[in-house]
Amino acid sequence: MVEIFSPSYGRPSECITHKYLKELTYVVSSKEEEAYKKVHDKIVVVPDGVQGSYARVCNWILDNNRDKKIVIMDDDISAVKYFEGKEDFKMDEEHVYEMFNNNARMTEELGAKYWGVNILPDKQAYREYSPLSTVSYCGGPIQGFVYNDLLFDEEMLLKEDYDMTLQQLNKYRKVLRFNKYHYVAKQSVNKGGCANYRTFEEEKKRTDLLQKKWGGKIVKYDKASKKEKNFDYNPIINAPIKGI
């Protein structure tokens, strides 16, 4: 059975994922434990000094669950959906758990350690003839780990999921992204958590750092991002390995 964790900081009244997935466990600081217990009964407290960095909290989760299949997901997810024909359908709670377990099993059978879902809720982003991807970016809102032995690079603030995807591809030569499924979240508009330091300057700084680490041929800016007014803080990654 896959275990589900959600790092959350500074927004006990704003988090909503537990309303959708009751088996989820919030990972919080000791000073906020009581506040989070008022909204959800599944809480894990990290040691002092861990909270304050999303990547650091995720690494604490990974360090303590290396022998498990887990999912780390955002605290502002209201739905997981899938496309069937031209329509998208919201999955019920039990269906999501089943999907998580099936995804983890398939990832393990493939010999990978990391899986995700489609990052766009747009039907045009889903091609029925490519239900799976093996070299594509897996976004932070839903990240699956199977007996994982890698950690997030804590310098990659706000770009840690891009870096994790590249780490996994570099070591295991594959990830598994299930393109049929996508999530509905309040990314970039909620308060607390990463929103406290998500600015244009910080996004660009970390994208530059990601590009410096992996090289300009692997991490690229969207051409429309050259001017700040059109800046898309999500880079394009192209891993130079074979895959879908």
Q) Calculated from DSSP H runs of 4 or more alone, at -39500 (n - 2.57) each and per residue, what is the 222 nm mean residue ellipticity of the chain, nearest 500? A) -8000 deg cm²/dmol
Q. Using the Cβ atoms and a cut-off under 10 Å, what net charge is assigned to the surroundings of V219, where Lys and Arg are +1 and Asp and Glu are -1?
A. +3
(Q) Checking the a/c ratio against 1.5 first, then a/b against b/c, what shape does the Cα gyration tensor give for the chain? (A) rounded
Q: Rank these for me by crowding, T25, T207, going from fewest to most other beta carbons within 10 Å.
A: T25, T207
Q. What is the sum of charges around L110, taking Lys and Arg as +1, Asp and Glu as -1, for the other residues whose C-beta is under 12 Å from the C-beta of L110?
A. +3
Q) How do L176, L21, L166 rank when sorted from fewest to most other Cβ atoms within 10 Å of their own Cβ? A) L21, L166, L176
(Q) Give me the dipole magnitude in Debye, nearest 20, for the chain about the Cα centre, with unit charges on the beta carbon: positive for Lys and Arg, negative for Asp and Glu. (A) 960 debye
Q: Under 1.5 on a/c is rounded, so check that first for segment 116-188, then, if it is not, pick prolate when a/b is larger than b/c and oblate when it is not; a ≥ b ≥ c are the square roots of the alpha carbon gyration tensor eigenvalues.
A: oblate
(Q) Which residue, Y97, Q211, Q167, has the largest displacement toward the positive end of the dipole of the chain when charges sit on each Cβ (Lys, Arg +1; Asp, Glu -1)? (A) Q211
Q) What is the fewest-to-most order of V2, V184, V71 by other Cβ atoms lying within 10 Å of their Cβ? A) V184, V2, V71
Q.
I'd like the distance between the alpha-carbon centres of segment 96-136 and segment 15-34, rounded to an integer number of Å.
A. 25 Å
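Each value in this text was obtained by applying a stated rule to the coordinates, not by laboratory testing. Model, not experiment: these values are computed from the prediction. Positions of Cβ are generated from backbone atoms using ideal geometry, with glycine treated the same way; all protein chains shown enter the neighbour counts.
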